[in-house]
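Notes follow once the structure below has been shown.
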There are 2 protein chains.
Amino acid sequence: MIATLKFTTLLLAVVVCRATQDYGYKDVEEPTLGDSQYGSLWPLPQKVQMSTVAFKLSGVSFQIVDAKESSSGASCSLLQNAYRRYDEYIFPISRMQGQNKKKAFASDVSELQVWITSADSECDNYPSVTSDESCECPGMMFVFLVGALSLETFSQLVYEDEYGAKSINRTEIQDFPRFTHRGLLLDSSRHFLPIKVILANLEAMAWNKFNVFHWHIVDDPSFPYMSRTFPQLSQQGAYHPYTHVYTPSDVKMIIEFARLRGIRVVSEFDTPGHTQSWGKGQKDLLTPCYSGASPSGSFGPVNPILNTTYDFMAMFFKEVSTVFPDAYIHLGGDEVDFSCWKSNPDIQKFMAQQGFGTDYSKLESFYIQRLLDIVTTTNKGYMIWQEVIDNGVKLKADTLIHVWKGNQQQYQAEMARVTASGYQALLSTPWYLNRISYGQDWQAAYKADPQDFNGTDAQKKLVVGGEACLWGEYVDATNLTPRLWPRASAVGERLWSDKDVKDTNDAYSRLIQHRCRMVQRGIPAEPLFTGYCAHEYKGV
Amino acid sequence: MIATLKFTTLLLAVVVCRATQDYGYKDVEEPTLGDSQYGSLWPLPQKVQMSTVAFKLSGVSFQIVDAKESSSGASCSLLQNAYRRYDEYIFPISRMQGQNKKKAFASDVSELQVWITSADSECDNYPSVTSDESCECPGMMFVFLVGALSLETFSQLVYEDEYGAKSINRTEIQDFPRFTHRGLLLDSSRHFLPIKVILANLEAMAWNKFNVFHWHIVDDPSFPYMSRTFPQLSQQGAYHPYTHVYTPSDVKMIIEFARLRGIRVVSEFDTPGHTQSWGKGQKDLLTPCYSGASPSGSFGPVNPILNTTYDFMAMFFKEVSTVFPDAYIHLGGDEVDFSCWKSNPDIQKFMAQQGFGTDYSKLESFYIQRLLDIVTTTNKGYMIWQEVIDNGVKLKADTLIHVWKGNQQQYQAEMARVTASGYQALLSTPWYLNRISYGQDWQAAYKADPQDFNGTDAQKKLVVGGEACLWGEYVDATNLTPRLWPRASAVGERLWSDKDVKDTNDAYSRLIQHRCRMVQRGIPAEPLFTGYCAHEYKGV
């Protein structure tokens, strides 16, 4: 898309008036626009040329409008929603003065014209891997649109001069994302996450140009997804049958909120392990574990030897494929514990019949293979944790392998193996943000690079991106948001910006300001270090 | 103090009706009252005998009242404020039904009589080290009062039965704190903490029976304390001269809010190091550092060789001693960097004159000694970080030495040294809660014990308690509260309960419930592990 600005001619007069008033009270180093040549831009666009020539935006007259030539406009609620959102970010207060209808002296920049060039405006569609996230910049200023819906970069260029006047420097930007898959995983099973928390974090994702919400919605501890086909799954498996569940309406709302921000929602229903909560509402789904010759009363992974298991999965994933419009489903497949299978005499018998010997990874593969066949009938692509390929399961060519294990050397080797096999790869190992440590750990996340492994160019091209993961053992509504931001922002820039953008000092300077901007917009992003924001967080 | 409950006679009828309704949806382990024999009590009282005999409290008729025999009552706003606060905790919703003035069938427990026995009720005084925090329990139930002002323990005994009816088990409790000084340090210099955040944390402190708010109010990065005598200190030294300062009214409000909760406010004005922000508003206070033969433009610790320094300190601490009513002031004295003093020719000359040789710790002691003399004239006692005694400064016998350095072996040796010298000691080393790590680190804090060192009984008696410290490098309004609670609760119990209370499993079970109670009361205390609260946090 293309966006241009209309300028009035008051430029010189205004510039002459900008004598610096010295308030004389502040010698403390505060990060200012001057600290990085790129101001507070985050993530850094692919090409930026900022000049020192400044223009003003009047809260009374400035408007975001559809360009005449644009392929979509007033009837596109996705765009109109974005205009409203960014108008409020840019003018959180001064629009109130606009209510007086007094015409202030004409501003330097009177409007931002948003010009959508792609034939498919995606106004009513869901964002997808093929969404056009790039932008051209013909004029003196321009706007980048994520999935044709974000005015984020433009808003990041606006700053306040010493009189509080909204200003913007003449800037030329060319932009597109380095990776198409820039994800964030949230886990609503270990702790239930209220809708409000999910929405707030989708908002913050958009500010950081993340475009995939990986919703790890169910797991061992609880099953908050309310299924229409199998309502007993959440009735029995959620922490509470109606206060701690996501109804179909909740899910719809979250998907729509994400769509308006160019964010895909990829749901994960992890099997055959991580399914304790499934067993509460679905009799005979899990494997009964044995203690000696008799059932111990506890259960293991999904029971892979019963036809009823596959009947259930077929119906369940048929529902899931319609509830979640995204072209991909994440099928999990990680950390399957074989001890329960080993203890069960029926499983042992089945293993012998199939000629699996004592190799239980063959049984796991047997299950996964049948599950993939089921999901394939729903016309969805799938994502899967790395164990599945480690165990040698046959996969469709367009499967995304999600790498999460090991140390740096190990995950780099895995990325090489996965891409050498011709599969697309997605990296998460260095971005397990649930793991915390004292001090500025965003830097380690910032330094990791998903294409940093031994492989051919063709292999590197198979890397579609990565995901920051915030597993839920130690986070819920009380602490999730400040623990995630701005740490996840480091991953956001790594996945968006050019691979050569790796100056930690420059990033630090921009990130401090980006973090204060998130705080000002209402997200309790935690501080990077000693210092302050002009507008501190108002909550507790 | 003594408190008793008045019972009606409906007991049996109610108990008979208590058939358990099985909702059939929940097999998940949820910590319940039954998990610990002590329910959700935190910190654990010195002696508890809980029976299984349950009584009900009616939201319509139950009242907290002054016992006839009480030495203070209706005219004591401190008590009346506490009644209101705890009424709201116990009946957050059902009091609304009470508005209907309908008389429900008589409840089992109709009132809680609060009987203050101490001659000095402290209704209008500030809490002090001699405040009576103990309680006797003559009846079948009783209430513990911290500084004659908390109904916390009573409220912790109240639970909801399966119909949501407020219930309480017949319980006998005898209680008093193990240590008189149970402190929490917050740092408002590295990040400014809005009043709202400080008040919320004072509230949580009261729930955890902390009784000292150690306000590390100024430090190198900023000087938010607005001084009437030297207003330029905050005008120049705060992050912002009026949005990031504590006015005299703010300070008063914080002290009063704390007083109503039995919490002392001990302010710390740390010198001669940690004073960069002081130098902005007070010319010639800091030592000019030299680079070779000429001043480098940077400044070091307070300049100890000028009379003007001591004139300033005398006036400044005279003000501080009236603004903060507590009998103690914390004077800091930690981490003095000698390099700047060493570089300065005037200091070198002074060292020679005094015969200090090149031992700069003698210069530090010279400064501290004069400062202590100044503060002594204000009739305040003082607390000081351990370096001061490490450097051999002569101190008043009632000085509190605050131990914060080293590993376990080192701080235990320091506690032994300090008390062997006859000084009172306060431990913080194992409770630097700003240091975070992945997982349940509250357990390490819980296991530390301030009396665990080699020493005589007389030495052990000199240990007055400890303080949890949350230094401000990485916390501000966005993340301070969830990072602090319930981790600080572990320190709260260690300092309150008997030294033999150290069963981590029992503590875990109670702490999970205590944490959910804090969340329900509006404090975003972070989760200890996977699970849920019936009432989740409502914020983001």
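Descriptive notes on the structure:
- Dividing the helix sum by the residues of chain B, where each DSSP H run of 4 or more adds -39500 (n - 2.57), gives a mean residue ellipticity at 222 nm of -9500 deg cm²/dmol.
- Dipole-positive endmost among B:N344, B:T419, B:S167 within chain B (Cβ charges, Cα centre): B:S167
- Near B:T229, once Lys and Arg are set to +1 and Asp and Glu to -1 for all other residues with Cβ below 14 Å from its Cβ, the sum equals 0.
- As a ratio to 2.2 N^0.38 Å, the alpha-carbon radius of gyration computed for chain B takes the value 1.06.
- Its Cα centre serving as origin, the stretch A:407-526 has a Cβ charge dipole (Lys and Arg +1, Asp and Glu -1) of approximately 180 debye.
- Zero-based 10 Å bins, Cα pair distances in the stretch B:346-453, whole percents: 13, 35, 29, 18, 5, 1
- Label spacing, shortest first and in nm, from A:D398 to its equivalents in the remaining copies (7 angstrom along Cα→Cβ): 8.0
- Placing +1 on the Cβ of every Lys and Arg and -1 on the Cβ of every Asp and Glu, with no other charges, gives chain B a dipole of roughly 760 debye about its Cα centre.
- Nm distances between copies for B:K342, ranked from closest, using label points 7 Å along Cα→Cβ: 6.2
- Using the Cβ of B:K396 as centre and a radius below 12 Å, the other residues enclosed give a net charge of 0, where K and R count +1 and D and E count -1.
- Over the stretch B:203-277: Kirkwood hydrodynamic radius from C-alpha pairwise inverse distances, Å: 13.2
- Pairwise Cα distances in the protein assembly as shown exceed 58 Å in 20 percent of cases.
- Other residues within the sphere of radius under 12 Å centred on the Cβ of B:M253, judged by their own Cβ, net out at +1 (K and R +1, D and E -1).
- The ranking of A:V336, B:V158, B:V197 from fewest to most other beta carbons within 10 Å of each one's beta carbon is B:V158, B:V197, A:V336.
- Counting all C-alpha pairs of the stretch A:466-540, share separated by more than 22 Å (%): 28
- Using alpha carbons only, the radius of gyration of the stretch B:229-273 set against its Kirkwood radius gives Rg/Rh = 1.04.
- Extension gain, A:D398-A:L199: 0.36 nm per intervening residue step, less the Cα-Cα distance, totals 68.6 nm.
- When the pairs B:K166/B:K209; A:K283/B:K538; B:K252/B:K280; A:K499/A:K538 are compared against a 27 Å limit on Cα-Cα distance, A:K283/B:K538; A:K499/A:K538 fall above it.
- Relative exposure of B:C469, A:C289, judged by other C-beta atoms within 10 Å (fewest first): A:C289, B:C469
- Evaluated over the stretch B:237-322, the Cα radius of gyration and Dmax, each in Å: 16.3, 56
- Potential lengthening between B:E335 and B:D284 on full extension [0.36 nm per residue; Cα-Cα distance subtracted]: 16.3 nm
- In chain A, the longest principal axis of the Cα atoms and the axis of helix A:77-90 are about 60 degrees apart.
- 7 Å along Cα→Cβ, label-point gaps from B:T243 to other copies, nm, shortest first: 3.8
- Karplus-derived 3J(HN,Hα), 6.51/-1.76/1.60, for each residue of the stretch B:454-467, Hz, glycine and proline x: 6, x, 6, 4, 4, 5, 4, 5, 7, 7, 8, x, x, 9
- Amide H to amide H, with H built 1.01 Å from N, A:Y382 comes under 5 Å of A:I329, A:L400, counting only residues 5 or more places away or on other chains.
- Axis angle, to the nearest 10 degrees, between helix A:195-207 and the longest C-alpha principal axis of chain A: 60 degrees.
- Order of A:S72, A:S234 under a 10 Å beta carbon neighbour criterion, fewest first: A:S72, A:S234
- Residues in the stretch B:35-41 carry Karplus couplings, in order, of 4, 10, 5, 9, x, 10, 4 Hz; the curve used is 6.51 cos²θ - 1.76 cosθ + 1.60 with θ = phi - 60°, and Gly or Pro positions show x.
- Angle in degrees between helix A:504-520 and the longest Cα principal axis of chain A, rounded to the nearest 10: 90
- Rotationally averaged projected area of the stretch B:293-410 (alpha carbon convex hull; nm²): 9.0
Values in this text are rule-based calculations from the coordinates and carry no lab data. Everything numeric here is computed off the predicted structure, so don't read it as measured data. Note: ideal-geometry Cβ built from the backbone for every residue, glycine included; neighbour counts use all protein chains shown.
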